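Report on one structure; see the data block that follows.
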Amino acid sequence: MSKAIRFHEVGGPDVLVLEEVALAAPGPGEARVRHAACGINFVDVYQRSGLYPVPLPSGAGTEGAGVVEAVGPGVTTVKPGDRVAYAGGAPGAYSEARNLPAALLCVLPEGISFEQGAAMMLKGMTVQYLIRRTYRVQPGDTVLWHAAAGGVGLIACQWLKALGVVVIGTAGTDEKCRLALEHGAAHCINYRTGDYVARVRELTGGEGVPVVYDSVGQATFAGSLACLRPLGLMVSFGNASGPVPPVDPGLLARQGSLYLTRPTLGTYTARRADLEASSRELFDAVLSGQVRIEPGRRYALKDAAQAHRDLEARATTGSGILVA
């Protein structure tokens, strides 16, 4: 048996309940992981609320770290006793232990703790594909990154600075802006008190930026497009403020023949070779000191509903975790 957070209907944080679930032996291609910590991410909120539909009843959470307890037939990538971390797959990470496809698991290097692993896999590999594949940044580039003090944003600020990129961040308070600056952003704009579109234009000599990374969604979409230079790329990878309404392609033409993409980590790591390459580059960045992973607020597994309330209220910074 294992304790796990589950939900039987979509809705607010109160639909999350702690239950006892039976665990069978791992099946073919599966491994059982005993969690030490689990990551908290906005995708968990989207699934719980019904924005991203999942079959019900459902587990919650898609990121965790712990120890492999057992493996099923045909598993060769991990073995019992391995320290592992993962992101993706079916919801169920908010649990003491679970079975999941072994192909999702990455062996966690010594020197990276379980709490760091749980705080970095989804967010860190998201940063990796965004800055190395979706738009491959170059030294000297200037980019705009919304929610720069969030879990993804703090990793991005550090990594981009190490790559020689100038980061213009946005955040909702002066305190969050200071945090982004401390983690490598060259500039950070409090969007509640300042006009970030005008400031981006000022900082770029009126030219705009070649790429905007936007996980906020509805509230920032139009402004993000206005920050791009001609032929710029709008990377919409989240919906923290709500989903973006339907977009008239003519708008992209009128604002400078812009490009728009809506990428997901699942697509970029669907092949095992891509998952290994992404996690390896992330691990190297952390072990080299270029990126510091500092787990944020810690919650007990039973307090998952409160963790979601805090996340939706934007009352958190960095990468929150559940301690199993």
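Looking for something closer than 19 Å to Ala93 by Cβ and either outside the structural domain of Arg48 (by TED's automatic domain parsing) or modelled with pLDDT under 95 (or both) - is there at least one such residue anywhere in the range 249-263? Checked the range 249-263: no residue is closer than 19 Å to Ala93 by Cβ and either outside the structural domain of Arg48 (by TED's automatic domain parsing) or modelled with pLDDT under 95 (or both).
Within the range 140-148, identify whether any single residue is in contact (Cβ under 8 Å) with a residue 60 or more places away in the chain and of a type in the set (D, E, K, R), and answer yes or no.
Just the residues of the range 140-148 that are in contact (Cβ under 8 Å) with a residue 60 or more places away in the chain, to begin with: 141-147.
The next check asks that each one be of a type in the set (D, E, K, R); those that pass are 141.
Yes, the range 140-148 contains a residue that is in contact (Cβ under 8 Å) with a residue 60 or more places away in the chain and of a type in the set (D, E, K, R).
Which one is surrounded by the fewest Cβ atoms within 10 Å (Cβ to Cβ) among residues in the range 134-153 that are touching a helix residue (DSSP H, G or I) at 6+ places or on another chain (Cβ under 7 Å) and either of a type in the set (Ser, Thr, Tyr) or farther than 27 Å from Gly206 by Cα (or both)? Restricting to residues being touching a helix residue (DSSP H, G or I) at 6+ places or on another chain (Cβ under 7 Å) and either of a type in the set (Ser, Thr, Tyr) or farther than 27 Å from Gly206 by Cα (or both), the top hit is Val152.
For the condition within 18 Å of Ala97 (Cβ to Cβ) and in contact with a Cys (Cβ under 7 Å, 6 or more places away or on another chain), Glu63 qualifies. Taken together, Thr269, Thr264, Thr193 contain a single residue that is surrounded by 22 or more Cβ atoms within 10 Å (Cβ to Cβ) and either touching a residue at least 12 places away in the same chain (Cβ under 8 Å) or farther than 25 Å from Tyr52 by Cα (or both), which is Thr269.
The residue that is surrounded by the fewest Cβ atoms within 10 Å (Cβ to Cβ), among those in the range 284-324 that are part of a strand (DSSP E or B) and of a type in the set (Val, Ile, Thr), is Val323.
When Asp310 is tested against the conditions (1) without any contact (Cβ under 8 Å) to a residue 12 or more places away in the chain; (2) farther than 18 Å from Leu130 by Cβ; (3) of a type in the set (Asp, Glu), the lone failure is (1). Looking across the range 11-28, the residues that are surrounded by fewer than 16 Cβ atoms within 10 Å (Cβ to Cβ) and either assigned to a loop (DSSP other than H, G, I, E, B) or not assigned by TED's automatic domain parsing to the domain that holds Ala65 (or both) come down to Gly11, Gly12, Ala22, Ala24, Ala25, Gly27, Pro28.
Name every residue in the range 288-305 that is closer than 21 Å to Ala97 by Cα and over 15 Å from the mean Cα position of the chain (by Cα), in order of residue number. Working first, answer last.
Of all residues in the range 288-305, those closer than 21 Å to Ala97 by Cα come to 295, 298-305.
Listed by number, the residues that qualify are Arg298, Tyr299, Ala300, Leu301, Lys302, Asp303, Ala304, Ala305.
The values are calculated or read from the model by the stated rules, or taken from the named source; none is laboratory data. No experiment lies behind these values; they were computed from the predicted model shown. In this analysis, Cβ positions are derived from the backbone assuming ideal geometry, glycine residues included, and neighbour counts consider all displayed protein chains.
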